[in-house]
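Only the coordinates and a few stated rules stand behind these numbers; no lab work does. Keep in mind that what you see is a predicted model, and the values were worked out from it rather than measured. FYI the Cβ positions are ideal-geometry reconstructions off the backbone, even for glycines, and counts take in every protein chain you see.
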Amino acid sequence: MPDNNSPADDPIALFNRGAYEAAAAQLLPLYRDNTGNSLLALFAGAALSESGSRDEALAVWSLGDEAGAAVRGARNDPQAPPDIRALSAGADQALRAHFTSLHASASAQCEGEGGRIRNAIWTQTHDRPFRFKTEGQAPTIFYVPDLPAAPVTATSELPWAAGLEAAGAAIAKEYAAAIEQNVQQKPYVPAETIPPEWAALRGTLDWSALHLFDKAKRTALADIFPTTLRALQDVDLVMVDGAPVEVFFSRLRPGAHIPPHYGLTNARLTVHLPLIVPDNCAIRVVGADYRWRPHELIAFDDSYLHEAWNRSPSDRVVLIFECHHPDLTPVERAAVEHTWSARQQWLDDRLPLIGAA
């Protein structure tokens with residue numbers, strides 16, 4: 001029998017024999033060079049976990065889960081071998097426990113125990129079964145069960161709305177000037193997007209964006225929109241680490257259709273400031289159609305099923321951003337932002353943790 005610590009040993013065979021430290025020592029370097037391999041992540045994470053390197057295991061499993069289905073999806077795949085399904089179930093359970101604990105700790109730092117944000121649910125990684133309370137509402141990432149639910153919120157409930165609407169003409173002029181300077185727009189739906197409902201928009205400019213802030217990062221384009229940024233100063237923007245989560249000009253080309261889908265969370269409102277609005281375009285939120293009118297805000301909860309279309313012969317352009325749900329208290333707003341920040345910080349730290357950055 002070969003020495004368990006021999007580098008010539010097959011790392012999967014080492015794992016199956018229970019030589020977890022030796023398997024981890026071989027699998028982790030392999031994974032660093034192949035972070036897109038979800039099955040490799042499943043075994044590397046399991047070896048790390050069994051050898052006591054729990055933090056590194058969670059990082060590897062989480063990265064592998066983003067890359068493919070093996071880490072968490074294999075547990076429900078009847079075609080997968082039983083040992084793979086068992087490892088996948090263990091990885092899924094560990095990740096759910098980790099992320100639920102991370103949320104509990106982060107939200108408690110702002111809100112204490114037992115508040116509405118402490119009781120919120122990260123829908124893809126919650127550690128217990130749950131159900132959405134409101135028909136038609138199914139946020140894909142973050143759910144606060146005890147928030148009042150309404151598909152669309154009147155602008156009278158948003159103290160900053162009138163000021164932003166008054167700036168609409170100036171913002172539209174600034175956008176037009178940027179387009180005249182041939183500022184490049186980017187597809188809003190990335191080319192690598194997998195779900196089939198996005199096939200018509202994947203990697204195309206039919207739905208395109210000029211981002212001023214993207215994933216809570218200021219872009220270089222923000223510098224050419226000073227009027228827009230000033231107009232947003234009094235808006236209750238959702239922030240992560242001091243930067244708005246997202247602010248962008250959204251263009252729909254003629255004939256473009258954004259398919260029905262659910263947004264990330266019910267703790268925010270998605271706000272549209274219409275700038276260029278031809279006839280025959282609209283947004284539908286749980287079956288009700290809303291027509292954009294120039295410089296008149298539409299604030300809706302995008303955790304409801306919604307879609308949009310442009311059936312006109314010219315472009316439709318709106319400024320889009322997220323504000324907090326108006327029922328949230330200042331403490332709850334801070335708790336929402338902090339728990340998102342804590343989660344993002346952990347995600348950002350994964351590659352350095354495993355020595356892959």
Legend entry - Karplus 3J(HN,Hα) series, Hz, for the range 216-232 with 6.51 cos²θ - 1.76 cosθ + 1.60 (x for Gly, Pro): 6, 10, 6, 9, 5, 5, 4, 5, 9, 10, x, 5, 4, 5, 5, 5, 8
Legend entry - Span from the the range 71-122 Cα centroid across to the the range 45-69 one, whole angstrom: 13
Inset, instruction - Using θ = phi - 60° and the Karplus relation 6.51 cos²θ - 1.76 cosθ + 1.60, list the HN-Hα couplings for the range 78-89 in order, rounded to whole Hz, with x at every Gly or Pro. - result: x, 7, 6, x, x, 5, 5, 4, 5, 5, 5, 4
Inset, instruction - Choose one answer from 256, 44, 200: the residue with the largest mean-square fluctuation in a GNM of the chain with alpha-carbon springs under 10 Å. - result: 200
Inset, instruction - Only loop residues by DSSP count here, and only those with at most 14 other Cβ atoms within 10 Å; note down the trypsin sites (Lys or Arg not before Pro) in the range 108-181 that meet that. - result: 131, 133
Inset, instruction - Using the Cα centre as the reference, give the magnitude of the dipole from point charges on the C-beta atoms of the range 86-162 (Lys, Arg: +1; Asp, Glu: -1; all else neutral), rounded to the nearest 20 debye. - result: 140
Legend entry - Neighbour net charge for residue 50 - beta-carbon separation under 15 angstrom, K R +1, D E -1: -2
Inset, instruction - Can you tell me the equivalent ellipsoid semi-axes for the range 13-62? Use √(5λ) from the Cα gyration tensor, largest first, whole Å. - result: 15, 12, 8
Legend entry - Whole-angstrom Cα spans of the range 257-357 along principal axes, big to small: 53, 36, 24
Legend entry - Inter-site label distance for residue 204 and residue 146 at 7 Å from Cα along Cβ, in nm: 4.5
Inset, instruction - Express in % the proportion of alpha carbon pairs of the range 94-191 at distances exceeding 15 Å. - result: 76
Inset, instruction - Please tell me the relative contact order of the range 152-327 in percent, rounded to the nearest whole number, where contacts are Cα pairs under 8 Å and at least six residues apart. - result: 26
Inset, instruction - For residue 213, list long-range residues whose amide hydrogen, built 1.01 Å from N in the peptide plane, is under 5 Å from its own amide hydrogen. - result: 219, 247
Legend entry - Linear extension gain, residue 186 paired with residue 93, 0.36 nm per residue minus alpha-carbon span: 29.8 nm
Inset, instruction - Mind telling me which of 114, 64, 168 comes out most flexible in a GNM of the chain, alpha-carbon contacts under 10 Å? - result: 114
Inset, instruction - For mean projected area of the Cα convex hull in nm², several values are listed as (1) 19.9; (2) 18.2; (3) 23.1; flag the one computed from this structure. - result: (1)
Legend entry - FRET efficiency, 1/(1 + (r/R0)^6) with R0 35 Å, evaluated for residue 194 and residue 109 via beta carbons: 0.50
Inset, instruction - Convert each backbone phi in the range 329-335 into a coupling constant with the Karplus relation 6.51 cos²θ - 1.76 cosθ + 1.60 (shift: θ = phi - 60°), then list the ³J(HN,Hα) values in order as whole Hz, x for Gly and Pro. - result: 6, x, 5, 5, 4, 4, 5
Inset, instruction - List the lysines whose Cα lies under 29 Å from the Cα of residue 133, skipping any in the same chain that are fewer than 8 positions away. - result: 215
Legend entry - Ranked list, fewest to most other Cβ atoms within 10 Å of each Cβ, for 208, 101: 101, 208
Inset, instruction - Take every Cα-Cα distance within the range 78-129, group them into 5 Å bins from 0 onward, and report for each bin the whole-number percent of pairs it holds. - result: 4, 20, 21, 17, 14, 8, 6, 5, 3
Legend entry - Signed unit charges on C-beta, dipole axis of the chain, positive-most listed residue 238, 281, 44: 281
Legend entry - Full-stretch length increase - residue 154, residue 348 - with 0.36 nm per residue and alpha-carbon distance subtracted: 66.2 nm
Legend entry - Contact order relative to length of the chain, as percent, for alpha carbon pairs under 8 angstrom and 6 or more apart: 17
Legend entry - Cα-based shape type of the range 152-327, given that a ≥ b ≥ c are square roots of the gyration tensor eigenvalues and the cut on a/c is 1.5: rounded
Inset, instruction - May I ask you to sort 306, 338 by Cβ crowding, counting other Cβ atoms within 10 Å and putting the fewest first? - result: 338, 306
Legend entry - Net charge contributed by nearby residues that have their C-beta within less than 12 Å of residue 194 (K/R +1, D/E -1): -2
Legend entry - Fraction in percent of alpha-carbon pairs per bin - 10 Å, the range 39-123: 19, 41, 25, 13, 1
